[in-house]
Amino acid sequence: MSPLAPDDSGACSVLYEMGGVTVICDAGGCAGNVCGFDEPRWFEKRSALFSAGLRDMDAILGRDDLLVKKLALICEQVDTQFTAIVGTPVPAVIATDLKALERMSEKKTGLPCIALNTDGTRLYDYGEQMAYYRIFERFATERLTVKKGKLGVIGATPLNTGETDSKMIKLALKNVGFDDVVCFGMDSGLEEVGRASECEKILVIAPSGIKAARLLQERFGTPFEVGYPSMGTRLLPSDEAVAATHGLKGKRVLIVHQQFLANALRKKYERAAGCEVTVASFFMMHDEYMRDGDKRLKEEEDLISLAKSGEYDIIAADPRFERMLKGTDVKLFPLIHFAVGGMLNKEK
């Protein structure tokens, strides 16, 4: 299996369209991984995303003042509302004090700074969770009048959805009665975060958004629910499309994806095709949204063992997992997950 998107990529994905200056605290390799593999919006939208460009002696001696100086120079040239510093394995190994960097940066630039203690060893959703929580904690502070029909969506990143814009998500949600839909961090920036209390409800479409949604509920009383919008012929099909899928009727299915999309797809498979469905994931899974029998996967061998167990007829998963099914009678049903295979959703 190819490497899964790490936590620093998840943090950068949340921050990409927020309007800040994001510095990846690395020597260049982690920034290259974000820009070259984990962030497809580079082809469509600009973002002030920089590498700290740490050199050997910078890392050995911990030259935090040099990083802050470079960040201040960037802020003189880029119109920005805040700064963010994203950790990688280098600062983790040398025990960089990111909170101190946060304070130093704020003093030097006069702008709010968010330092995220990612280390490149955990998966993307951990970094997303950290970034969502910090951005709402810092900037969603004003209690505004609630706007009826306004829905806020947390979890809309390419890594979760395979989408580079919010068009399909907004269309699906407006079709079920919401007049105003904002996907935080996708086609929206920091201003919408600051107006989060206007939302009548929050929809969390990925497990990485739960912590931030609970913060908004505690701070403003904004209710939230989890789910995933039905997007026609794309990632989450309609009931009619599921019912018409050849070979799915009455099968035993294992869905491998991020938990909330997988749960929504499970309901469709059960309702429209009479399937017996189990959800599994290599990523974050919240206990309260798991059923008995759902699986947390840690290693490739975990999925291979499930494929060989004889318990499933079909595994709905990213095509990158197909090689794990060799030698079994299990059929792969392609289910794109950008954080796994680096492919985006396209209309059929």
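The values are calculated or read from the model by the stated rules, or taken from the named source; none is laboratory data. What you see is a predicted model; the values in this text were computed from it and never measured. Cβ coordinates were reconstructed from backbone atoms using ideal geometry, including for glycine residues, and neighbour counts include every protein chain displayed.
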What tally of residues in the range 325-339 results from selecting those that are under 19 Å from D302 (Cβ atoms) and touching a helix residue (DSSP H, G or I) at 6+ places or on another chain (Cβ under 6 Å)? 5
At positive phi, modelled with pLDDT of 95 or more and either aromatic (F, W, Y) or buried (at least 24 other Cβ atoms within 10 Å of the Cβ) (or both): does that describe G127? no
Checked against (1) farther than 21 Å from K295 by Cβ; (2) outside any helix (DSSP H, G or I), V253 satisfies every condition except (1)
So P40, is it modelled with pLDDT of 90 or more, over 28 Å from G110 (Cβ atoms) and in contact with a strand residue (DSSP E or B) (Cβ under 9 Å, 6 or more places away or on another chain): no
Is the range 201-209 home to any residue that is in the same structural domain as S281 (by TED's automatic domain parsing), assigned to a helix (DSSP H, G or I), in contact with a strand residue (DSSP E or B) (Cβ under 6 Å, 6 or more places away or on another chain) and not basic (K, R)? no
Can you go through R214, R252 and tell me which one is closer than 23 Å to K331 by Cβ and either surrounded by fewer than 23 Cβ atoms within 10 Å (Cβ to Cβ) or at pLDDT 95 or above (or both)? R252
Given the conditions (1) assigned to a loop (DSSP other than H, G, I, E, B); (2) at pLDDT 90 or above; (3) closer than 20 Å to T161 by Cα; (4) basic (K, R), every one holds for R291 apart from (3)
Considering the range 258-281, residues that are part of a loop (DSSP other than H, G, I, E, B) and at negative phi, and then whichever is surrounded by the fewest Cβ atoms within 10 Å (Cβ to Cβ), we arrive at C275
So, of the residues in the range 130-139 that are under 16 Å from the mean Cα position of the chain (by Cα) and among the aromatic types (F, W, Y), which turns out to be surrounded by the most Cβ atoms within 10 Å (Cβ to Cβ)? Y132
Residues located in the range 295-329, provided they are within 19 Å of V242 (Cα to Cα), in contact with a strand residue (DSSP E or B) (Cβ under 6 Å, 6 or more places away or on another chain) and not in a helix (DSSP H, G or I): Y312, D313, I314, I315, A316, A317
Are any residues in the range 52-81 farther than 19 Å from A31 by Cβ, among the acidic types (D, E) and part of a helix (DSSP H, G or I), and if so, which ones? D65, E76
Select from the range 287-306 the residues that are surrounded by 13 or more Cβ atoms within 10 Å (Cβ to Cβ) and closer than 28 Å to G227 by Cβ and list them in ascending order. Y289, M290, D294, K295, R296, L297, D302, L303, L306
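Okay, residues lined up against (1) closer than 16 Å to S51 by Cα; (2) within 23 Å of the chain's Cα centre (by Cα); (3) surrounded by 13 or more Cβ atoms within 10 Å (Cβ to Cβ):
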position: L71; (1), (2), (3): yes, no, yes
position: I74; (1), (2), (3): yes, no, yes
position: P89; (1), (2), (3): yes, yes, yes
position: I94; (1), (2), (3): no, no, yes
position: M104; (1), (2), (3): no, no, yes
position: K107; (1), (2), (3): no, no, no
position: A115; (1), (2), (3): yes, yes, yes
Looking at the structure I just gave you, is I60 among the β-branched types (V, I, T) and either more than 21 Å from C113 (Cβ to Cβ) or surrounded by 15 or more Cβ atoms within 10 Å (Cβ to Cβ) (or both)? yes
